[in-house]
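**Q** Sharing a structure here in structure tokens format.
The values are calculated or read from the model by the stated rules, or taken from the named source; none is laboratory data. Predicted model only: the values in this text are computed from it and were never measured. A quick note on method: Cβ atoms are made from the backbone with ideal geometry, for glycine too, and the neighbour counts reach across all protein chains shown.
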Amino acid sequence: MDALLALWQGAFGSAYAILSATLVRATPLLLLGLSVATAFRSGILNIGAEGQLLAGAMAAAAVGLASAEWPSAIAVVAMIVAGIVAGAGWAFIAAALRRWFGVLEVISTIMLNFLALHLVSWLVRGPLQEPTRTNPQSATLPDVAHWPTLVPGHRLHLGFALGLLLALALWVMWRHTAVGFRLRVVGMGARAAASAGRVAVDRTVMGAFLLSGAIAGLAGASEVGGVTWGLYDGISPGYGYTAIAVALLARLDPRAVVPSAVFFGALEAGAAAMQRDAGVPAVVVQVVVAGVVLAVIALDEWRRARAVRGGVDA
Amino acid sequence: MTPHEALTLDGITHTFGGHRALDDATCMVARGTIHALLGENGAGKTTLMRIAFGMLRPDAGTIRIDGAQVTLRSSADAITRGIGMVHQHFMLVPAMTVAENVALGTPGPLDLHAVRDRIRAIGAATGLVVDPDARVRDLPVSAQQRVEIVKALARDARTLILDEPTAVLTPEQGDELLQWTRRFADNGGSVVLITHKLREARRHADEITVLRRGRVTRHAMTGALDDAAIVEAITGGQRLDGDVAPRATPHPLRHTATSNVGTEVVLALDGTTVHDARGLTRLHPTTLAVRRGEILGVIGVEGAGQRELLRLLAGRLAPTAGRATIPAEVGFVPEDRLHDAVIPELTLTENLALAEAGRAHGWLRWSDVADRTAALLTADDVRGGGVDVQMRTLSGGNQQKFVLGRERRRASEALIVENPTRGLDLQATARILEGIRAAAADAAVVFHSTDLEEVLRVATRVVACFDGRVREVPPPADPDDRTPYGRVLLGAE
């Protein structure tokens, strides 16, 4: 009971808990959840959000470190662009391997995650290491590269607002535009899309993959500009993997990704508090999270199976 | 109970969810002979042999192997009793070597050395030489087929069931294989040859059993049968079958409706060929023209080339060589409705929009699409719910009416329809055929069905596919005569 109370207090117990812990943790999960939903909706099993996030973080950190003399708005926009381009570029490797060599993206994106992880390691011990060359981390970004906060006195930053806008934009795109409809139908039935819809499936899948990577790259830029203000090993505690759970819990609906990301963000924030205040290890929360995801997937499949049986009778 | 019977299926009945796939079918394969099993697609040939191989349990009837009655619980059971089957789609693990594939499923400890020796010994004894260390995926299809046979022989199969073995082979390879089966039979083996190539059966089999709609319609020694008799048994004789229920359309329209055939050529092929991914020729050079107002009926057994022909004309397949001249948009009703025509989880409205997905841009106006969907449902009598229900909740007949309606509206000039009435009830079938006829009022129509009667009822002109070649079939003098069609379908001269 104490543990649950501590969890709740840590996540929603105060303005600080909400605006500086929960929603800050939810920000990368929101963006990455949208990235995963984008890929999954188009039938791409992109497990590489983590690597694409790191690629975006590296590019944004490099740009941010060079921006000391620039106006703040330019520095922030340049970081966003760098993150998006790097994330899309990282995804392009896996997308190209799939399109031209038939390599399963599940494998390639996981491999690229490790590659990105080690690239960060090398950068913070090499080209991007802080000037004293003692710690494996970059210098702190100049003030102009710090992303604006949304509520004075709290850590919640621009990245969360971008995430909300993006959720809305993706929903509108999927529901109301021709491009979005194509992205959906190649995921739901590639053969029908090609034969009945005359959709260029390869090109559409490529576009979805790049979009997914771009959003994950933006998440990387958002972490560097809004939270860490620098680059170091372990900049992401596996957000890219949690994001898969976020997207699945939301059933790949971009609107539902928002509460889903907040839920997981709250669990992460609350877990830290629970460990501190009640002495319950944070891994307990991870067990709960995994349980929730499995339950959701099982429920979904069960419903689908029932619906299919019903459909045959009808 | 003759002493030399190798495999006997006696009075076999088998029902798939209400559909009687086999009805009191009997087939006796004698030791030392090749026995051909003939019939159209869906006549029950493969089902019967799957029962012989223990993959299916019959609802009624008995199986005897070497004269002794047996119950086959699985294919492992059948293998133990000396039955081997080579399926149309090979059951091999492509990433494994030949020896590993042969060893797979053999009981007892794994001894690859012994397996390799066994493969070499079989090669020396039978002429079926394969390299035991080659990887299956690196082998050409003909060699993969050899591996399948070696696999059966390695388990001491004395009766081999070959399902359409020459479908994947070049004619020379096919001949070679069939000559091998003769030697195998001469050495005391037995072979069941499932085929729909008449010439193959006539030239290589000792006995022929013909199935039609799950029943044995003919059984005789090959010498006692001529082409005409076999064709009659396969297609159901000269007249409409007694067991074919009367169609909702009372008066057949065979080879008529020439009055509204225009002069304008809408679809044209000029020396067009199609090769598949393995380089095998699926369609030999074909030249063909379809005019507005015409319904070109296409007949052909599975794999004869009509699939490629239809897709060429629909613009869904690019020719390997030659030229296809077709309008920018061609309506296409593909055979595999749920995979190629619609997305079952989307609503009817969304499935209508699917037809425009490739060329749409900007905003989608859903209310407009919904209005057009509602209009289609009314005009084409699609029942089962409104525009917002999921496609999968509709019955097959209503799904097909929807697809046909959508494709007719997509393109006014040309419509390609592939086997549209499979699994539909009589009323839905009648509606679909009506729709196809109506489409010909202002379009060039190409129509393929595995049901010959259906094609003859609707088409104004008929071509037949056999072995990748397309031949025109002139209307016979007696409109009820089915023999000319059966002959070209089965490749009889």
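**Q** Grab the helices (runs of 4 or more DSSP H) fully contained in the range A:1-100, keeping just those with 2 or more residues being touching a Phe, Trp or Tyr at 6+ places or on another chain (Cβ under 6 Å) and under 30 Å from residue A:185 (Cα atoms).
**A** Working: elements: A:2-12, A:23-41, A:49-65.
The helices (runs of 4 or more DSSP H) meeting that bar are A:23-41, A:49-65.
**Q** Let me ask something additional. Output yes when any residue across the range B:293-313 is in contact with a Ser or Thr (Cβ under 8 Å, 6 or more places away or on another chain), surrounded by fewer than 24 Cβ atoms within 10 Å (Cβ to Cβ), within 12 Å of chain A (Cβ to nearest Cβ) and not polar (S, T, N, Q), and no when none is.
**A** no
**Q** Could you tell me whether the range B:260-278 includes any residue that is within 27 Å of the chain's Cα centre (by Cα), within 14 Å of another protein chain (Cβ to nearest Cβ), under 24 Å from residue B:449 (Cα atoms) and not polar (S, T, N, Q)? Don't jump to the end; show me each part of the working.
**A** Looking only at the range B:260-278, we keep the residues that are within 27 Å of the chain's Cα centre (by Cα), and these are B:267-278.
Adding the requirement that they be within 14 Å of another protein chain (Cβ to nearest Cβ) leaves B:277.
If we keep only those that are under 24 Å from residue B:449 (Cα atoms) too, we end up with none.
No - not one qualifying residue is present in the range B:260-278.
**Q** In addition: Looking at the structure I just gave you, is residue B:283 in a helix (DSSP H, G or I), of a type in the set (A, V, I, L, M), surrounded by 24 or more Cβ atoms within 10 Å (Cβ to Cβ) and more than 10 Å from chain A (Cβ to nearest Cβ)?
**A** Numbers: in a helix (DSSP H, G or I): no; of a type in the set (A, V, I, L, M): yes; surrounded by 24 or more Cβ atoms within 10 Å (Cβ to Cβ): yes; more than 10 Å from chain A (Cβ to nearest Cβ): yes.
In short, no.
**Q** So, one more: Out of the residues in the range B:409-428 meeting the condition of being of a type in the set (Asp, Glu) and in contact with a helix residue (DSSP H, G or I) (Cβ under 9 Å, 6 or more places away or on another chain), tell me which one is modelled with the highest pLDDT. First the steps, then the outcome.
**A** From the range B:409-428, those of a type in the set (Asp, Glu) are B:413, B:418, B:425; that's our starting set.
Narrowing the set further to residues that are in contact with a helix residue (DSSP H, G or I) (Cβ under 9 Å, 6 or more places away or on another chain) leaves B:418, B:425.
Numbers: B:418: 94, B:425: 75.
It comes out as B:418.
**Q** While we're on this one: At pLDDT 95 or above and under 15 Å from the mean Cα position of the chain (by Cα) - does that describe any residue in the range A:71-82?
**A** Yes; the residues of the range A:71-82 include at least one that is at pLDDT 95 or above and under 15 Å from the mean Cα position of the chain (by Cα).
**Q** Considering only the range B:457-493, state which residues are closer than 20 Å to residue B:170 by Cα and in a loop (DSSP other than H, G, I, E, B).
**A** Scanning the range B:457-493 gives B:467, B:468, B:490, B:491, B:492, B:493.
**Q** Continuing with this model, one more query. State the number of residues belonging to the range B:382-406 that are among the charged types (D, E, K, R), closer than 19 Å to residue B:371 by Cβ and either modelled with pLDDT of 90 or more or buried (at least 17 other Cβ atoms within 10 Å of the Cβ) (or both).
**A** Within the range B:382-406, the first condition is being among the charged types (D, E, K, R), and the residues that meet it are B:383, B:388, B:392, B:401, B:406.
Keeping just the survivors that are closer than 19 Å to residue B:371 by Cβ gives B:383, B:388, B:401, B:406.
With the extra rule that they be either modelled with pLDDT of 90 or more or buried (at least 17 other Cβ atoms within 10 Å of the Cβ) (or both), the set shrinks to B:388, B:401, B:406.
Counting residues in the range B:382-406 that are among the charged types (D, E, K, R), closer than 19 Å to residue B:371 by Cβ and either modelled with pLDDT of 90 or more or buried (at least 17 other Cβ atoms within 10 Å of the Cβ) (or both) gives 3.
**Q** For residues that are over 11 Å from residue A:217 (Cβ atoms) and touching a residue at least 12 places away in the same chain (Cβ under 8 Å), scanning just the range A:75-91, find the one that is surrounded by the fewest Cβ atoms within 10 Å (Cβ to Cβ).
**A** In this case the residue turns out to be A:78.
**Q** Identify the residue in the range A:202-222 that is more than 10 Å from chain B (Cβ to nearest Cβ) and more than 30 Å from residue A:157 (Cα to Cα) and, among all such residues, is surrounded by the most Cβ atoms within 10 Å (Cβ to Cβ).
**A** Taking the range A:202-222 as the starting set, the residues that turn out to be more than 10 Å from chain B (Cβ to nearest Cβ) are A:202-203, A:205-222.
Filter again for more than 30 Å from residue A:157 (Cα to Cα), leaving A:202-203, A:205-206.
Values: A:202: 15, A:203: 12, A:205: 24, A:206: 19.
Within the range A:202-222, the match that is surrounded by the most Cβ atoms within 10 Å (Cβ to Cβ) is A:205.
**Q** Report yes if residue B:167 is touching a strand residue (DSSP E or B) at 6+ places or on another chain (Cβ under 6 Å) and aliphatic (A, V, I, L, M), otherwise no. Give the derivation first.
**A** Working: touching a strand residue (DSSP E or B) at 6+ places or on another chain (Cβ under 6 Å): no; aliphatic (A, V, I, L, M): yes.
No.
**Q** Further, regarding this structure: Residues in the range B:17-44 that are under 22 Å from residue B:421 (Cα atoms) and either modelled with pLDDT of 90 or more or out of contact with any Leu (no Cβ under 9 Å at 6 or more places or on another chain) (or both): how many?
**A** 7
**Q** State which residue is nearest to the other protein chains (Cβ to nearest Cβ) when the search covers only the range A:161-185 and only residues that are of a type in the set (Gly, Ala, Ser) and surrounded by fewer than 21 Cβ atoms within 10 Å (Cβ to Cβ).
**A** Taking the candidates together, the pick is A:178.
**Q** Give me the pairs: first residue in the range A:291-314 and in a helix (DSSP H, G or I) and modelled with pLDDT under 70, second residue surrounded by 11 or more Cβ atoms within 10 Å (Cβ to Cβ) and not hydrophobic (A, V, I, L, M, F, W, C), beta-carbon distance under 7 Å, and six or more apart or on different chains, which are they?
**A** From residues that are in a helix (DSSP H, G or I) and modelled with pLDDT under 70, the pairs are A:311/B:392; A:311/B:393.
**Q** I would also like to ask the following. Counting just the residues of the range B:322-348 that are farther than 30 Å from residue A:304 by Cβ and not in a loop (DSSP other than H, G, I, E, B), which one comes out nearest to the other protein chains (Cβ to nearest Cβ)?
**A** From the range B:322-348, those farther than 30 Å from residue A:304 by Cβ are B:322-331; that's our starting set.
If we keep only those that are not in a loop (DSSP other than H, G, I, E, B) as well, we get B:322-325, B:331.
Numbers: B:322: 22, B:323: 20, B:324: 16, B:325: 18, B:331: 10 Å.
Only one residue tops the list, namely B:331.
**Q** Mind checking which pairs have a first residue in the range B:110-136 that is of a type in the set (Gly, Ala, Ser) and a second that is buried (at least 17 other Cβ atoms within 10 Å of the Cβ), Cβ under 7 Å, 6 or more apart or different chains?
**A** Sorted first by the residue in the range B:110-136, then by its partner, the pairs are B:123/B:130; B:134/B:97; B:134/B:98.
**Q** Could I ask something else about it? Determine whether the range B:37-52 contains at least one residue that is more than 19 Å from residue B:208 (Cα to Cα), buried (at least 19 other Cβ atoms within 10 Å of the Cβ) and either in contact with a His (Cβ under 7 Å, 6 or more places away or on another chain) or not charged (D, E, K, R) (or both). Step through it out loud before you land on a result.
**A** So the first thing to find is which residues in the range B:37-52 are more than 19 Å from residue B:208 (Cα to Cα), and the list is none.
Looking through the range B:37-52, none of the residues is more than 19 Å from residue B:208 (Cα to Cα), buried (at least 19 other Cβ atoms within 10 Å of the Cβ) and either in contact with a His (Cβ under 7 Å, 6 or more places away or on another chain) or not charged (D, E, K, R) (or both).
**Q** Looking only at the range A:139-147, decide whether some residue is touching a strand residue (DSSP E or B) at 6+ places or on another chain (Cβ under 9 Å), more than 9 Å from chain B (Cβ to nearest Cβ) and either surrounded by fewer than 16 Cβ atoms within 10 Å (Cβ to Cβ) or without any contact (Cβ under 8 Å) to a residue 24 or more places away in the chain (or both). Give the steps one after another, and end with the answer.
**A** We begin by selecting, within the range A:139-147, every residue touching a strand residue (DSSP E or B) at 6+ places or on another chain (Cβ under 9 Å); these are A:146-147.
If we keep only those that are more than 9 Å from chain B (Cβ to nearest Cβ) too, we end up with A:146-147.
Applying the additional criterion that residues be either surrounded by fewer than 16 Cβ atoms within 10 Å (Cβ to Cβ) or without any contact (Cβ under 8 Å) to a residue 24 or more places away in the chain (or both) yields none.
Checked the range A:139-147: no residue is touching a strand residue (DSSP E or B) at 6+ places or on another chain (Cβ under 9 Å), more than 9 Å from chain B (Cβ to nearest Cβ) and either surrounded by fewer than 16 Cβ atoms within 10 Å (Cβ to Cβ) or without any contact (Cβ under 8 Å) to a residue 24 or more places away in the chain (or both).
**Q** Right, another one. Considering only residues that are among the acidic types (Asp, Glu) and either in contact with a helix residue (DSSP H, G or I) (Cβ under 7 Å, 6 or more places away or on another chain) or part of a helix (DSSP H, G or I) (or both), which ones fall in the range A:234-273? I'd like the intermediate steps shown before the answer.
**A** Our first condition is that a residue be among the acidic types (Asp, Glu); within the range A:234-273, this holds for A:253, A:268.
Selection gives A:268 alone.
**Q** Only residues that are in contact with a His (Cβ under 7 Å, 6 or more places away or on another chain) and over 24 Å from residue B:393 (Cβ atoms): list them for the range B:325-377, please. Steps first, answer last, please.
**A** Keep residues of the range B:325-377 that are in contact with a His (Cβ under 7 Å, 6 or more places away or on another chain), which gives B:363-364.
Of everything in the range B:325-377, just one residue is in contact with a His (Cβ under 7 Å, 6 or more places away or on another chain) and over 24 Å from residue B:393 (Cβ atoms), namely B:363.
**Q** Taking the range B:429-457, which residues are touching a Lys or Arg at 6+ places or on another chain (Cβ under 8 Å), at pLDDT 90 or above and within 15 Å of residue B:290 (Cα to Cα)?
**A** Answer for the range B:429-457, where residues must be touching a Lys or Arg at 6+ places or on another chain (Cβ under 8 Å), at pLDDT 90 or above and within 15 Å of residue B:290 (Cα to Cα): B:439, B:443, B:444.
**Q** Considering A:25, A:41, A:99, which residue is out of contact with any Lys or Arg (no Cβ under 8 Å at 6 or more places or on another chain) and surrounded by fewer than 24 Cβ atoms within 10 Å (Cβ to Cβ)? Let's see the steps before the verdict.
**A** Details: A:25 fails: surrounded by fewer than 24 Cβ atoms within 10 Å (Cβ to Cβ); A:41 fails: out of contact with any Lys or Arg (no Cβ under 8 Å at 6 or more places or on another chain).
Of A:25, A:41, A:99, the one residue that is out of contact with any Lys or Arg (no Cβ under 8 Å at 6 or more places or on another chain) and surrounded by fewer than 24 Cβ atoms within 10 Å (Cβ to Cβ) is A:99.
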